[in-house]
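What follows is one structure encoded as structure tokens, with my remarks underneath.
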There are 4 protein chains.
Amino acid sequence: MANSRFEYVREFEQPDNLLRNTWVVVRVDGRAFTKMCARYEFQKPNDRRALDVMNSAAKAVVADLPDIIIAYGVSDEYSFVLHKSCNLFERRASKLISTIVSTFTANYINCWPNSFPDTPLSFPLPTFDGRAVCYPAVQNLRDYMSWRQADCHINNLYNTAFWSLVQLGGLDNKEAEKTLAGTLAADKNEILFSRFKINYNNEPDIFRKGSVVFRDYELVDPASHRTANTIDELAEPVQQSKTQNENDKKRRSKARIVVEHLDIIRDDFWERRPWILSNKPGKIPKEI
Amino acid sequence: MANSRFEYVREFEQPDNLLRNTWVVVRVDGRAFTKMCARYEFQKPNDRRALDVMNSAAKAVVADLPDIIIAYGVSDEYSFVLHKSCNLFERRASKLISTIVSTFTANYINCWPNSFPDTPLSFPLPTFDGRAVCYPAVQNLRDYMSWRQADCHINNLYNTAFWSLVQLGGLDNKEAEKTLAGTLAADKNEILFSRFKINYNNEPDIFRKGSVVFRDYELVDPASHRTANTIDELAEPVQQSKTQNENDKKRRSKARIVVEHLDIIRDDFWERRPWILSNKPGKIPKEI
Amino acid sequence: MANSRFEYVREFEQPDNLLRNTWVVVRVDGRAFTKMCARYEFQKPNDRRALDVMNSAAKAVVADLPDIIIAYGVSDEYSFVLHKSCNLFERRASKLISTIVSTFTANYINCWPNSFPDTPLSFPLPTFDGRAVCYPAVQNLRDYMSWRQADCHINNLYNTAFWSLVQLGGLDNKEAEKTLAGTLAADKNEILFSRFKINYNNEPDIFRKGSVVFRDYELVDPASHRTANTIDELAEPVQQSKTQNENDKKRRSKARIVVEHLDIIRDDFWERRPWILSNKPGKIPKEI
Amino acid sequence: MANSRFEYVREFEQPDNLLRNTWVVVRVDGRAFTKMCARYEFQKPNDRRALDVMNSAAKAVVADLPDIIIAYGVSDEYSFVLHKSCNLFERRASKLISTIVSTFTANYINCWPNSFPDTPLSFPLPTFDGRAVCYPAVQNLRDYMSWRQADCHINNLYNTAFWSLVQLGGLDNKEAEKTLAGTLAADKNEILFSRFKINYNNEPDIFRKGSVVFRDYELVDPASHRTANTIDELAEPVQQSKTQNENDKKRRSKARIVVEHLDIIRDDFWERRPWILSNKPGKIPKEI
């Protein structure tokens, strides 16, 4: 059959390859999650079960796509970072975004019953959108990650204070909002402590710091290796022998993918885990 | 907290809005579906249960996004068409693609057990990628749809012949491939008929023509309305009164979303359903 | 020499091809022309010599690039329209923009002395920037052209009134501005006529309507041919024989490129010159 | 007048801002310069007068746009580098490309008579196209520059040998081509020396190395400052006081713009001129 007559339509496709040698962040965001929260009666200010579904889905994405070096999640969003040397799908934005969003969604739906065994999903199902942003310098990438974690902190402190005023203090939403209007972080800490004996710093790390997903290797003494920033100098992926590549792949697949709740704003996190930015697998920790 | 120090990273986001007044096709493709077919033992050349999952997922996407005027699916792919006047998400490619892919994936995972009650999904879960293409003229869009349906026909005729040779004729894969090498459509029809008494035209429409999803209204006499092509003349969406918009919305939401297996290459399909290209809801058919 | 070591840098080039089957407008704008006006003492509100330089440069661009079907200029800007079937430079935006801007600039500099024989150019030389916009429908393109010509009218009426108040009425700039603040077109016409006996409609067409550059053929009776809008239906350039292409090329090269000052908002202009939108050369007028 | 009816066409403009914090190279290329060479009888293999026009035009561009930190030219092409912190025109590709191409073209046409006093330009005038490429790392940028200079060397060695064989050796073009087919650099050097007593290394630097244009300050001892690569670490332009900015601007405008013919592949060039990559003006050399 004369398919050729129609095939010209392929030429309307426009390339969308992301600039090489830049860090690619694909951020996945829940669609209409305010409604979701209401429908499934998520606990306020944080629902541990809902976060567990997010974290499981994120772990599955990282496991599925070895080019992802780290992911950071908070609330209904998750950011996945592809190494600047990554050439997956020739860096086509639509392929990268859709693959990550699809894998995230599939796993979210699939593991929902683990966290909510008595609440089956109803229509419309939870879904996510995604976008990709390129960061040329390590510092830009680190600032992106810091931005998300700082945001997590700001929102969580506010929400914790707000819901304490409502749930423990008996205020209605408007009164709580008014009480917090114009307050600084210190004020909110003070409200929590003086009124409710809540020491914000004792709140669970998962709420205060969000969740970081990465392949885990033995921690490294920061003094022993090149600092993260020298990674910027690399113009192109280091050429390795085939054997070396195979070894890297094997080590990477052996690494445990962990979900932790750590400070990723300070240097310490990155300096003790040089493998994240170098994309050079570290030493697999001995089993205890 | 000084979040502002990091917030500059937002300025690295680059807009990706699709050109206005063009038809947007978002095509969703199964990732690694050859492996899927093997793992879940899909029937050859077509697995009706697997197609049902695809079609259910597509119906859910069309129901969720009223801007989609029609969708066409075959095998592990589905194309969703947004009307040229659509301004959803300001036509940002990444939002449109990711939302459609995510909704499709969520529903695929969710309705899998309906078709495969005894075969739970295993890891890695089925996922999909997506891309968006803009078509300026109605004819370009129709040619895109024709391209996919012609492709469906070509592949299905080949696959039907191939698997008949293997399953009924006792050939191995290589022999079947060799038998079909260089044959034309007529030859394949002849092989099917003379060797296996299979009249290809009697094969189920869903296999030969794929699946078309759209909102259904009363069919129209082609002579009674402007032809589809005059739609090209419209520079911008027709300005309507608020009441008119509300009416359209109500009618659209009342329309039944159907999955049919029709010829979309010939004019007849489009001329009898002018609402698809005009995006002007038709008359709701009376219940029988 | 091992050039290959560096050649990887080519892969950082990102494609910028404009969507096929759309009308491409490349608009060229004078940079810092307010300073130019002052330095070369352009007459107010319009300097005929300066417009002549613009028009000569535009004619040279149209002569140089047969893919340009029409150009429209006013003040220090010129819009060049490429036919929707044009595939010059594979429609790469940067190539199209830079080529048109460069050709325009070269000719502007080169023919300056014809209009300003006693005023040599000084540094910094006059320069232009450019941008490209795609329009999917004929109506969009016509509306673009109408937008520029309506703008010409609005600005010229204002400027004519303003400079009459200053040059003939003895007002200073602030007073003139104040006099015109909030006035409608009719008010400005009235001011011109009652105070200065100027009938705006008798002002030169080149000032009131701007300049249109196109290849000239014999005018056509609008009733005798398909209307412009049916051009939208064409999905792809009509396939012609080689001989036919050669004939078109020959006729196009024989056509006179004219600069006229006509109304391009109304249909009449387009209907009597169907060759502009069809890109099918008309009949060369007989020499008189 | 109701201009608003048409103004919607502005919404078809699509943004083309280049990724922040990357080095932008705008390369300008002569259009159809092979014909130019023939028409104006440029000398082979290099025409010093033609190169002088190119270099004058490039100097004018660098003078006009202080955001350009360096330019490199060879034959009929010139590459202009904008600092990664540059935010000129909000980094819109079309504005940057068209402005540089227009300024280059204007000056090329304008200073042509200085080099070719007896050969006025004829139609079509010399013109240039342009493109922009982003480089994230200093090393990528340096490799781009090295690529162009290596290319210059390769081509010039070949052309010098080729034209010696033709002009001095009496071969025709085909014979010369055949003689050089498959030869390495050493072979070409040998041919030049043994047959024509030409020591390639004594050829003028402008032919062998091309031309580098930059603002000149006092050379610096490489040991005294941070190496170029540490510039990669900078995520964003360093925040300076207004006074500091004014001082920089003043010093930059005082700097002499030079055209030199140096090796820009080796580190030495860059290490002794740290101001190029840091964009921090150096010390103005004392007049002698």
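Per-structure values
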| read-out | value |
| --- | --- |
| Unmet criterion (only one of (1) farther than 22 Å from A:Val28 by Cα; (2) assigned to a helix (DSSP H, G or I); (3) touching a residue at least 60 places away in the same chain (Cβ under 8 Å)) for B:Thr34 | (3) |
| Of all residues making up segment A:165-210, the number that are touching a residue at least 40 places away in the same chain (Cβ under 8 Å) and open to solvent by 70 Å² or more (accessible area, probe 1.4 Å) | 1 |
| Selection within segment D:254-288 - open to solvent by 90 Å² or more (accessible area, probe 1.4 Å) and not β-branched (Val, Ile, Thr) | D:Lys254, D:Arg256, D:Arg266, D:Lys283, D:Lys286, D:Glu287 |
| Subset tally (residues that are open to solvent by 10 Å² or more (accessible area, probe 1.4 Å) and among the hydrophobic types (A, V, I, L, M, F, W, C)) for segment C:136-164 | 4 |
| Subset of segment A:175-221 (residues that are closer than 30 Å to A:Ala58 by Cβ, outside any loop (DSSP other than H, G, I, E, B) and among the acidic types (Asp, Glu)) | A:Asp205, A:Asp216 |
| Which listed residue, of A:Asp232, A:Asp263, A:Asp267, is more than 18 Å from A:Val61 (Cα to Cα) and at pLDDT below 95 | A:Asp232 |
| Tally, over segment C:10-32, of residues that are farther than 20 Å from C:Ser98 by Cβ and open to solvent by less than 30 Å² (accessible area, probe 1.4 Å) | 1 |
| Test: D:Tyr72 is among the hydroxyl-bearing types (Ser, Thr, Tyr) and away from every other protein chain (no Cβ under 14 Å) | no |
| Residue among D:Asn140, D:Asn110, D:Asn155 that is closer than 20 Å to C:Pro124 by Cβ, outside any strand (DSSP E or B) and more than 15 Å from the chain's Cα centre (by Cα) | D:Asn110 |
| Failed condition for C:Ala57, given (1) within 14 Å of chain D (Cβ to nearest Cβ); (2) of a type outside the set (S, T, N, Q); (3) under 30 Å from B:Pro136 (Cβ atoms) | (3) |
| Residue tally, condition at the interface with chain C (Cβ under 7 Å from one of its Cβ atoms) and either within 30 Å of D:Pro274 (Cβ to Cβ) or free of Cβ contacts under 8 Å to residues at least 60 places away in the same chain (or both), over segment D:94-122 | 13 |
| Among residues of segment D:166-215, those that are touching a helix residue (DSSP H, G or I) at 6+ places or on another chain (Cβ under 7 Å) and basic (Lys, Arg), counted | 4 |
| Inter-residue pairs, beta-carbon under 8 Å, first more than 7 Å from every other protein chain (Cβ to nearest Cβ) and in segment A:130-149, second assigned to a strand (DSSP E or B) and open to solvent by 10 Å² or more (accessible area, probe 1.4 Å), 6+ apart | A:Arg148/A:Val74; A:Arg148/A:Glu77; A:Gln149/A:Val74 |
| Residue, farthest from B:Val213 (Cα to Cα), within segment B:38-80, restricted to residues that are crowded, with 20+ Cβ neighbours inside 10 Å and in contact with a Lys or Arg (Cβ under 6 Å, 6 or more places away or on another chain) | B:Ser79 |
| Search result, residues across segment A:1-27 that are touching a residue at least 24 places away in the same chain (Cβ under 8 Å) and within 8 Å of chain B (Cβ to nearest Cβ) | A:Asp16 |
| Within segment A:113-135, tally of residues that are more than 17 Å from the chain's Cα centre (by Cα) and open to solvent by less than 40 Å² (accessible area, probe 1.4 Å) | 5 |
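The values are calculated or read from the model by the stated rules, or taken from the named source; none is laboratory data. All values reported here derive from a predicted model rather than from experimental measurement. Note that we place each Cβ from the backbone using ideal geometry, even for glycine, and neighbour counts take in every protein chain shown. Areas reflect the complete protein model, heavy atoms only, side chains present, ligands, DNA and RNA absent. Shrake-Rupley method; radii C 1.70, N 1.55, O 1.52, S 1.80 Å.
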